[in-house]
Amino acid sequence: MNSLRIALVTARPARGLDEDEPPLNMALQKAGCQVEVAEWDDPRVDWASFDVALLRSAWDYCERIAEFLAWVERASQVTHVLNPLQLVRWNTDKHYLAELAAAGAAVVPSTFIEPGADPAVALRKFVDLHPQAELVVKPAIGAGSRDTQRHRRTELAAAVSHAQRLLDERRSVLVQPYLGRVDRDGEPALMFFEGRFSHAIRKGPLLPPGGAATKELFAAETITPRVPGSDELRLAEKVVSVVPFGTPLYARVDLIRDDSGAPCLLELEMAEPSLFFVHAAGSAERFTAAVLRCIEARQRVK
């Protein structure tokens, strides 16, 4: 195979913030690839000059979702975008949680409020269904915990105001119960390459009670390496196995334990997730090998 030209797709505000970028860049270059970090919305970039465009840190996509998906579609016509357009389009909207639940995956209970609906009515129903829980309000299209807040059930007016602000911006709203075990156990995230488990980390709890939503590109996280429990691994494998549009090149399965201690899916990240290479020796090399196999398979089909 000739030397491959690979774009690591980022966003202007994410420049220098992606901890995955240095180890991945090094692993790709050791494998003989030419690597360039490129902003997805930079009109000067010739995407046709790359063999593949790896979506890595395009973290501003959620406020510009139509523009971003239009770019993915255009770029896909001239190069190999990974993960591919169909998968990215599906995964950037958290309505996918309902599909995964219908496919048999254990998912955190999720209620969606659509623009035009009355958030006060929807949130009162939610509180009635989950009488012991605080609630988390977030946009259905969002990243980095931006616009995400934990609300006390006794302060429902604040939750209604939060949801209304998102709805006024024509954004669908996702409401989930705050599962308190995260304060003790944290949030495990399991990384998969080509449908196979690679490594896992633990995120510390992100949402203090009554805390304001982050205004930064992403909320600060406390990350430590972690060996997943066998029940967590089984659920993550189940989730990845029922993803539509074929096996993803990469996926991050974010889990949380419910009040009974059972793991359930919080989010499935396949568009631009951090993969935490610095916390797992050899993971950047494993990912690089997966990328090269994907390109080789595509070239054989041509």
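The values are calculated or read from the model by the stated rules, or taken from the named source; none is laboratory data. For clarity, every value in this text was computed on a predicted model and none was experimentally measured. Quick reminder, even Gly has a Cβ in these numbers, built from the backbone with ideal geometry, and neighbours come from all protein chains shown. Calculation scope for accessible area: heavy atoms of the full protein, side chains included, ligands and nucleic acids excluded. Shrake-Rupley method; radii C 1.70, N 1.55, O 1.52, S 1.80 Å.
Identify the residue in the range 268-302 that is of a type in the set (D, E, K, R) and at pLDDT 95 or above and, among all such residues, is nearest to PRO177 (Cα to Cα).
GLU269
Okay, residues lined up against (1) within 18 Å of GLU187 (Cβ to Cβ); (2) in contact with a Cys (Cβ under 8 Å, 6 or more places away or on another chain); (3) of a type in the set (Asp, Glu):
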site: LEU100; (1), (2), (3): yes, no, no
site: ALA120; (1), (2), (3): no, no, no
site: ARG124; (1), (2), (3): no, no, no
site: GLU134; (1), (2), (3): yes, no, yes
site: LEU166; (1), (2), (3): no, no, no
site: ARG170; (1), (2), (3): no, no, no
| query | Considering only the range 25-61, how many residues are closer than 20 Å to MET270 by Cα, among the hydrophobic types (A, V, I, L, M, F, W, C) and out of contact with any strand residue (DSSP E or B) (no Cβ under 7 Å at 6 or more places or on another chain)? | reply | 1
| query | Within the range 76-90, can one find any residue that is of a type outside the set (Val, Ile, Thr) and over 21 Å from ARG252 (Cα atoms)? | reply | yes
| Top-ranked residue in the range 261-302 [being in contact with a helix residue (DSSP H, G or I) (Cβ under 7 Å, 6 or more places away or on another chain) and among the β-branched types (Val, Ile, Thr); ranked as least open to solvent (accessible area, probe 1.4 Å)] | THR288
| query | Can you name the residue in the range 130-166 that is out of contact with any strand residue (DSSP E or B) (no Cβ under 6 Å at 6 or more places or on another chain) and among the aliphatic types (A, V, I, L, M) and, of all such residues, is farthest from LYS203 (Cα to Cα)? | reply | ALA157
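Looking at GLU194, GLU155, can you tell me which residue is under 29 Å from ALA70 (Cβ atoms) and either crowded, with 20+ Cβ neighbours inside 10 Å or of a type outside the set (Gly, Ala, Ser) (or both)?
GLU194
To keep it simple, each residue is scored yes or no on (1) modelled with pLDDT of 95 or more; (2) polar (S, T, N, Q).
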{"position": "VAL127", "(1), (2)": "no, no"}
{"position": "GLY144", "(1), (2)": "no, no"}
{"position": "THR148", "(1), (2)": "no, yes"}
{"position": "HIS151", "(1), (2)": "no, no"}
{"position": "HIS162", "(1), (2)": "no, no"}
{"position": "ARG170", "(1), (2)": "no, no"}
{"position": "LEU179", "(1), (2)": "no, no"}
{"position": "PHE193", "(1), (2)": "yes, no"}
| request: Please indicate, with yes or no, whether at least one residue in the range 180-194 is part of a helix (DSSP H, G or I) and among the small types (Gly, Ala, Ser). | output: no
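Per-residue answers, yes or no, for (1) assigned to a helix (DSSP H, G or I); (2) among the small types (Gly, Ala, Ser):
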{"position": "ALA159", "(1), (2)": "yes, yes"}
{"position": "HIS162", "(1), (2)": "yes, no"}
{"position": "LEU166", "(1), (2)": "yes, no"}
{"position": "LEU174", "(1), (2)": "no, no"}
{"position": "PHE197", "(1), (2)": "no, no"}
{"position": "PRO205", "(1), (2)": "no, no"}
